[in-house]
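Below: the structure, in structure tokens.
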Amino acid sequence: MNNRTFATVFASILMASCSSTKTSSNDLAIDLPIETSINLSNIHEDKAPVTINPGRFTTETVTYRLPKVIQGTYSVSNFGKYVDNFKAINYKGEEMTVTKLDDNSWSIAEAKDLDKVTYLVNDTYDIEEIGGIGKEEPFSPAGTNIEAENFVLNLHGFIGYFDSLKNNQYKLDVTAPADFVRTSALQTVNTTTSDDGKNMTTSYLAPRYFDITDNPMMYGNLDVEEFEVGDIKIVLSVYSPNKVHSAKSLKETIYTMMEAQKRYLGDINATPRYDIYVYLSAGEEDSPKGFGALEHHTSTVVVMPESMSAEALAESMTDVVSHEFFHIVTPLSVHSEDVHYFDYNNPTFSKHLWMYEGVTEYFATLFQVDQGLVDEEEFYNKIMGKIQQASRMNDAMSFTIMSENVLKAPYKDEYLNVYQKGTLIGMCIDILMREESDGNRGILSLMKELSNKYGKNKPFDDDKLIEEIVAMTYPVLGEFFNTHVVGDLPINYNDFFEKVGLEIGEGKVKANFILLDGAPIVSGDGQTGTIFFVESALKNSFWKEQGVQTNDVIKSINGTNLTLQNANQVLQEVFMWKPGKEIEVLLDRGGEEIVIKTITTQPYTIGNALVEKVDATDAQKALKEAWLKG
């Protein structure tokens with residue numbers, strides 16, 4: 001999953017289960033697919049009717065659940081909280097006794113008489129607080145949307161499972177207005193149209209519950225582009241409520257990015273089809289607020305602001321979607337038993353988030369310079385950004401212990417470091433392997449070897465992975481893991497940059513319009529409800545040129561009044577500004593109104609930068625070339 005930074009970086013401004021029963025038995029009299037249905041043509045009060053027909057049970061009591069946690073997210077979502085009017089119906093059409101065990105679980109007695117379960121599902125988008133960050137609510141790309149012209153069907157938010165039937169086949173019928181565009185990678189087995197021609201029911205087949213959770217859908221007034229990248233069919237589905245962007249406008253960006261990824265990955269196993277679902281948030285009160293993406297085996301769901309410029313959206317899509325596509329390497333092809341046998345209501349977590357998210361983010365960063373999508377300076381800036389943001393986290397914490405306990409305090413507050421320090425761990429491993437192999441092996445070749453050894457159907461032993469990696473590579477990696485990944489000693493990154501002829505020094509660094517060294521240049525006053533510039537804003541060349549002063553209150557940005565309530569959304573948009581954008585910012589300076597009306601230019605600051613050493617040796621330069629260009 002990536003990237004919660006958009007939704008969490010301003011959080012400081014705003015601040016002034018029952019275990020699943022594991023059994024190999026099947027509690028049904030006849031082993032038939034579980035029949036499920038979602039009716040999008042019968043929405044009432046923003047809720048979708050769902051029906052689950054499991055077949056005839058042979059046991060006295062069964063438990064039905066919706067996920068508490070889903071794969072790819074490392075936080076609690078509690079999808080059962082969005083279910084209303086849960087009913088169990090017997091074969092006589094009568095309601096049965098149901099006991100709600102927790103937010104996500106319902107126990108049904110006299111289950112031999114159970115015919116079906118019915119309930120209503122409310123969507124998550126319109127009741128989000130801050131996009132699922134820091135709350136027990138779904139991260140937006142994992143959430144659900146129910147509105148007149150668009151349905152985001154992350155199916156784990158609609159369809160649940162009976163404890164003993166997770167490995168049974170599922171048949172899913174989705175009924176929707178006949179004129180809706182619909183996209184899904186699930187196998188379609190039938191399509192029927194109502195007698196009056198107004199509604200269409202599409203029937204899908206899923207081999208097991210995992211495939212329900214792993215195959216999102218999008219229905220409604222959206223546009224779709226299909227194209228080939230090598231031997232992969234790409235299906236790009238875009239919903240832009242105000243038609244600001246389209247699948248056609250994003251097609252070239254996605255094509256260029258994925259073609260480069262394919263070249264970078266080389267002969268690693270891929271998928272014949274990959275779906276990208278893009279929901280562009282209109283920025284309304286009931287719009288999704290958690291920007292980023294969530295990976296699946298053969299698809300990703302992306303949520304971004306619709307107000308982004310075409311250039312900014314293209315850059316964000318490259319960063320975010322490339323990360324999700326690289327998940328086909330890990331954890332999709334290389335993963336532990338915790339991932340392979342995932343328990344949606346009482347999950348355990350692998351020790352190796354440094355690999356699942358960190359190495360994936362490293363690939364998404366490195367491939368861009370490897371394939372010429374960005375220059376070396378831009379790559380260095382991204383790496384320095386990771387170092388600066390990681391320095392604000394707890395750098396003296398075992399990464400493996402944090403990963404294994406990611407839902408618990410104090411570790412859950414360090415989760416975002418998997419995208420920062422996790423990336424840097426991947427970089428250090430890569431440089432060490434390049435050094436030990438005279439530039440011939442790196443972390444990509446290691447992941448290919450692990451993928452060939454395990455693959456998507458064979459999990460590794462979580463406790464033995466590091467030992468295996470060291471055996472497959474070099475003893476120096478064992479020392480690195482024991483000291484900096486299992487151990488809690490902070491990494492001295494200059495030691496690794498020295499190997500490739502680089503060093504951290506002071507220089508002119510590209511900056512962001514709202515962040516400096518990874519921290520906001522604004523703060524909030526809980527008493528007055530205002531947002532104001534802090535002293536660090538004066539170190540930003542753009543705002544200094546505009547005459548901004550410390551404690552200037554930001555009244556509005558481009559016509560939108562700025563408050564503590566909407567700061568997260570508005571400042572995320574500022575975070576994505578690019579040079580050349582027309583802006584108007586209204587300030588209050590001690591009662592005096594100040595208007596900044598200008599076109600943005602690239603901001604800079606003086607700070608730590610990753611630079612080439614003037615006395616770098618030929619050997620260091622050669623190792624750097626092997627590192628950056630493979």
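Here's how it looks for residue 604: its modeled amide H is under 5 Å from those of 511, 541, 542, which are all 5 or more places away or on a different chain.
Among the listed pairs 248/289; 166/448; 499/613; 47/251; 408/448, which are separated by more than 21 Å between their Cα atoms?
Beyond 21 Å: 248/289; 166/448; 47/251; 408/448.
Please give the charge dipole size of region 182-261, origin at the Cα centre, charges +1 on K and R Cβ atoms and -1 on D and E Cβ atoms. Round to the nearest 20 debye. Intermediate values should be presented prior to the final figure.
On the way: 7 positive and 11 negative charges, 47 e Å.
My answer is approximately 220 debye.
Keeping all protein chains in place and using 1.4 angstrom, which order do 601, 202 fall into by accessible surface area, from largest down?
Numbers: 601 65, 202 10 Å².
These residues rank, largest area first, as 601, 202.
The Rg/Rh ratio for region 131-244, using Cα coordinates for both the radius of gyration and the Kirkwood hydrodynamic radius, is 0.99.
Treat region 434-473 as a sphere of radius equal to its Kirkwood radius over Cα pairs and apply Stokes-Einstein at 20 °C in a medium of 1.002 mPa s; give the translational diffusion coefficient in µm²/s, rounded to a whole number.
On the way: Rh = 11.0 Å.
Calculated translational D: 195 µm²/s.
With θ taken as phi - 60° and the Karplus curve 6.51 cos²θ - 1.76 cosθ + 1.60 applied, the whole-hertz 3J(HN,Hα) list for region 237-247 is 10, 10, 10, 10, x, 9, 6, 6, 10, 8, 4 Hz, x standing for glycine and proline. Surface analysis of region 330-390 yields an accessible area of 26 Å² per residue, using protein heavy atoms and a 1.4 Å probe.
Distances between every pair of Cα atoms in region 483-630, grouped in 10 Å steps from 0 to the bin holding the largest one, split as 10, 31, 24, 18, 14, 3, 0 percent.
What number, rounded to the nearest 500 deg cm²/dmol, is the helix-based mean residue ellipticity at 222 nm of the chain, given -39500 (n - 2.57) per DSSP H run of at least four residues and division by all its residues?
Working: 16 runs with 156 residues, N = 630.
Roughly -7000 deg cm²/dmol at 222 nm, from the helical runs in the chain.
Working note: Karplus 6.51/-1.76/1.60 with θ = phi - 60° gives region 95-109 the couplings 6, 9, 6, 10, 10, 7, 7, 6, 4, 10, 10, 10, 9, 10, 7 Hz, where Gly and Pro are set to x. Solvent-accessible area of residue 51, all protein chains in place: 40 Å² (probe radius 1.4 Å, heavy atoms, ligands and nucleic acids excluded).
Could you sort out which of 382/629; 233/386; 233/351 sit more than 23 Å apart by Cα distance in this structure?
Beyond 23 Å: 233/386; 233/351.
Quick one: ranking 195, 123, 84 by accessible area, 1.4 Å probe, largest first, what do you get?
Ranking 195, 123, 84 by accessible area, largest first, yields 195, 84, 123.
At the residue level, residue 60 shows approximately 110 square angstrom of accessible surface with a 1.4 angstrom probe and all protein chains present.
Counting only residues at least eight positions apart within a chain, or on another chain, the lysines with an alpha carbon under 17 Å from that of residue 112 are 87, 92.
Between the labelled values (i) 33.1; (ii) 28.9; (iii) 36.2, the entry that holds mean projected area of the Cα convex hull in nm² as derived from this structure is (ii).
Shown for the chain: the carbon plus sulfur share of the solvent-accessible area, taken with all protein chains present and a 1.4 angstrom probe, equals 45%.
Most simply put, the chain has about 80% antiparallel DSSP beta bridges, counting only bridges with both residues inside it.
Where a ≥ b ≥ c are the square roots of the eigenvalues of the C-alpha gyration tensor, would you call region 215-320 rounded, which needs a/c under 1.5, or, failing that, prolate if a/b is larger than b/c, or oblate? Since a/c reaches 1.5 and a/b is larger than b/c, the shape of region 215-320 is classed as prolate.
With a/c under 1.5 counting as rounded, go ahead and sort region 199-277 into rounded, prolate or oblate using the C-alpha gyration tensor (a ≥ b ≥ c being the square roots of the eigenvalues; past the cut-off, prolate if a/b is larger than b/c, else oblate). Spell out each step's value before the answer.
Numbers: a/c = 2.58, a/b = 1.12, b/c = 2.29.
Taking the square roots of the gyration eigenvalues as a ≥ b ≥ c, region 199-277 is oblate.
Counting other Cβ atoms within 10 Å, which chymotrypsin sites (Phe, Trp or Tyr not before Pro) in region 417-502 have at most 14 and lie in a DSSP loop? Hits after loop and neighbour filter: nothing returned. Placing 259, 545, 506 in order of accessible area, with the largest value first and a 1.4 Å probe, yields 506, 545, 259. Listed by chain and number, the aspartates and glutamates whose C-alpha is less than 12 Å from the C-alpha of residue 555, apart from same-chain residues fewer than 8 away, are 584, 588, 592, 593. With Cα atoms defining each centre, region 484-498 and region 66-126 are spaced 47 Å apart in the structure. All C-alpha to C-alpha distances of region 320-413, sorted into 10 Å bins beginning at zero, yield P(r) values of 15, 38, 34, 12, 1 percent in whole numbers. Rounded to the nearest Hz, the phi-derived 3J(HN,Hα) couplings of region 509-519 under the Karplus curve 6.51 cos²θ - 1.76 cosθ + 1.60 (θ = phi - 60°) are 10, 4, 10, 9, 6, 9, 10, 9, 6, x, 10, where x marks glycine and proline. A simple packing score, the average count of other Cβ atoms within 10 Å per residue, orders the peptides 363-375, 209-221, 523-535 as 209-221, 363-375, 523-535, with the highest score first.
Taking amide hydrogens as placed 1.01 Å from N in the peptide plane, the amide H of residue 170 sits under 5 Å from those of 34, 206, 208, each at least 5 positions away in sequence or on another chain. Computed with a 1.4 Å probe over protein heavy atoms only, the accessible area of residue 31 comes to about 110 Å².
Decide, for region 450-494, between rounded, prolate and oblate: order the square roots of the alpha carbon gyration tensor eigenvalues as a ≥ b ≥ c, take rounded if a/c falls under 1.5, and otherwise choose prolate if a/b is larger than b/c, else oblate. Prolate shape, in that a/c is at least 1.5 and a/b is the bigger ratio. Under 5 Å between amide hydrogens, built in the peptide plane, is the criterion, and for residue 283 it picks out 306 among residues at least 5 positions away or on other chains.
The values are calculated or read from the model by the stated rules, or taken from the named source; none is laboratory data. A quick note: this is a predicted structure, and the numbers were derived from the prediction, not measured. Don't worry about glycine lacking a Cβ; one is built from the backbone with ideal geometry, like all the others, and counts go over all protein chains shown. What goes into the accessible areas is simple: the full protein's heavy atoms, side chains included, and nothing from ligands, DNA or RNA. Shrake-Rupley method; radii C 1.70, N 1.55, O 1.52, S 1.80 Å.
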